[in-house]
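Some notes on the structure that comes next.
The values are calculated or read from the model by the stated rules, or taken from the named source; none is laboratory data. These figures come from a predicted structure and were not determined experimentally. Please note: Cβ atoms are built from the backbone with ideal geometry, for glycine as well, and neighbour counts cover all protein chains shown.
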Amino acid sequence: MAEPSKIILGVDPGSVVMGYAILQVTAQKPIMVEMDTISLNGKSDMYDRLGAIYRLMSGILTRHRPAELAIEAPFFGKNVQSMLKLGRAQGVVIAAAMMHDIPVTEYSPRRIKQVVTGNGNAPKEKVWEMLQHTLDLKELETPRLDASDALAVALCHHFESNTPIGREQVPKKKGGKEGWGDFIRQHPDRIG
């Protein structure tokens, strides 16, 4: 009997351009299904953008029915306003996933690069090169970096959640699955 597929949605959040990618994993083999960006340039009001992010993300979640969502964590920059907008966009994506009962895992940009390329300081072009090699996308044109970043997030999640240490570090939610409380009780040595 064939192993059932698992769908992972990877998201590179943004308040102007947001990248997303769908990764299907069957028998531990990841395959890119879809990779694109959502452009919010036409909306000048931030709240209109946030509403559009929620509606568009809900549509993607309904259409693809991912088992898990992996999202890039905001990095700390010098521009506080940009950071605030990015955090809001990320929060809306997380809220959409929660409304669809989909567990969310967040990864730092450095961790994503480390897992995908072996170098946490790798340039985005090197990340795309490794994605092409790993997922056999050599014939694909170079996408917008937001889309390839989202694909890297999904692939990072696949790798991280399929190792013994990765499974331990990604607590699950709801339906009898582990949560943070269970993780803390099982690993008191890691708290502190």
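Details
- Subset of the range 121-153 that is outside any loop (DSSP other than H, G, I, E, B) and of a type in the set (Ser, Thr, Tyr) - its residue that is surrounded by the fewest Cβ atoms within 10 Å (Cβ to Cβ): Thr134
- Top-ranked residue in the range 39-57 [being surrounded by fewer than 20 Cβ atoms within 10 Å (Cβ to Cβ) and under 17 Å from the mean Cα position of the chain (by Cα); ranked as farthest from Gly91 (Cα to Cα)]: Leu56
- Test: residue in the range 124-147 that is charged (D, E, K, R), under 19 Å from Glu68 (Cα atoms) and either over 17 Å from the mean Cα position of the chain (by Cα) or modelled with pLDDT of 95 or more (or both): no
- Some residue of the range 85-93 being closer than 18 Å to Ala152 by Cα, polar (S, T, N, Q), surrounded by 17 or more Cβ atoms within 10 Å (Cβ to Cβ) and in contact with a Leu (Cβ under 8 Å, 6 or more places away or on another chain): no
- Taken together, Ile94, Ile102, Ile71 contain a single residue that is modelled with pLDDT of 95 or more and assigned to a helix (DSSP H, G or I), which is Ile94.
- For the range 1-50, the strands (runs of 3 or more DSSP E) that sit wholly inside it and include 1 or more residues that are free of Cβ contacts under 8 Å to residues at least 60 places away in the same chain are 17-26, 29-39.
- Taking the range 74-127 as the range and being of a type in the set (Phe, Trp, Tyr) and farther than 22 Å from Leu151 by Cβ as the test, only Phe76 passes.
- Residue ID - nearest to Tyr20 (Cα to Cα), chosen from residues in the range 90-122 that are small (Gly, Ala, Ser) and out of contact with any helix residue (DSSP H, G or I) (no Cβ under 6 Å at 6 or more places or on another chain): Ala97
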